[in-house]
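Since the structure comes first, as structure tokens, the remarks are kept for the end.
Just so you know, all these numbers are worked out from the coordinates, no wet-lab data involved. Everything numeric here is computed off the predicted structure, so don't read it as measured data. Virtual Cβ from ideal backbone geometry, glycine too; neighbours counted across all protein chains shown.
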Amino acid sequence: MPQLEQIHTFLSQIFWLVVTFGLLYVVLWKAALPRMSTILLERQQRIDEDIRKAETFKQEADEAMSVYEKAVADARSEAQAVIRAANDKLAAEAATRQEALSAKIKRDTAEAEERIGKARAEAVETIHTVAVQAAQAATSRLIGADVPADEAKAAVDAALQGRG
């Protein structure tokens, strides 16, 4: 095997391997690792700052949300108060109209009753007059004599009082 033929150079290869890796370790330790740790530290600081800002924004958003919810609740209660006031106003207007309508109906009813009373009185007077005339006509036909209006009226009145 050709790999085993180079055993006499094995020791020198190990020496150069250790030297190369040692130099690589020193270069990495002195140059690359500090830069990488600085970058990682900056990244961690940026992440921490972003988290702090996010928490601040979250608090501001929560405060804005509570202000918004309070504004909505206030607007809702104000709207309900306006609706309640409008309902009260409409109820008061309806009550006023109802009272005015009731008063008008009472006046109209009183006027109608007064007209009915007058019409009844006129009807009774007319019936009374017709009864007097009928009594005069009947008496004049039956007896053949004319009865004066005063006597016929007194007879009708007596007949009505006797009946009532």
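Structure notes:
- Top of Gln80, Gln133, Gln13 by mean-square fluctuation, Gaussian network on the chain, Cα under 10 Å: Gln13
- Only the Cβ atoms of Lys and Arg (+1) and of Asp and Glu (-1) were treated as charged; on that basis the dipole of the stretch 74-164 about its Cα centre amounts to roughly 260 debye.
- Pairwise FRET efficiency - Lys118 versus Ala155, Cβ, R0 = 35 Å, nearest 0.05: 0.85
- Segment Asp48-Val19, extension gain: residue separation times 0.36 nm, minus the distance between their alpha carbons: 6.3 nm
- Estimated translational D of the chain in µm²/s (Stokes, Kirkwood radius over Cα pairs; 25 °C; 0.890 mPa s): 82 µm²/s
- Considering only Ile105, Phe15, Gln45, and ranking their Cα positions along the charge dipole of the stretch 1-130 that arises from unit charges at the beta-carbon of Lys, Arg, Asp and Glu, the one farthest toward the positive end is Phe15.
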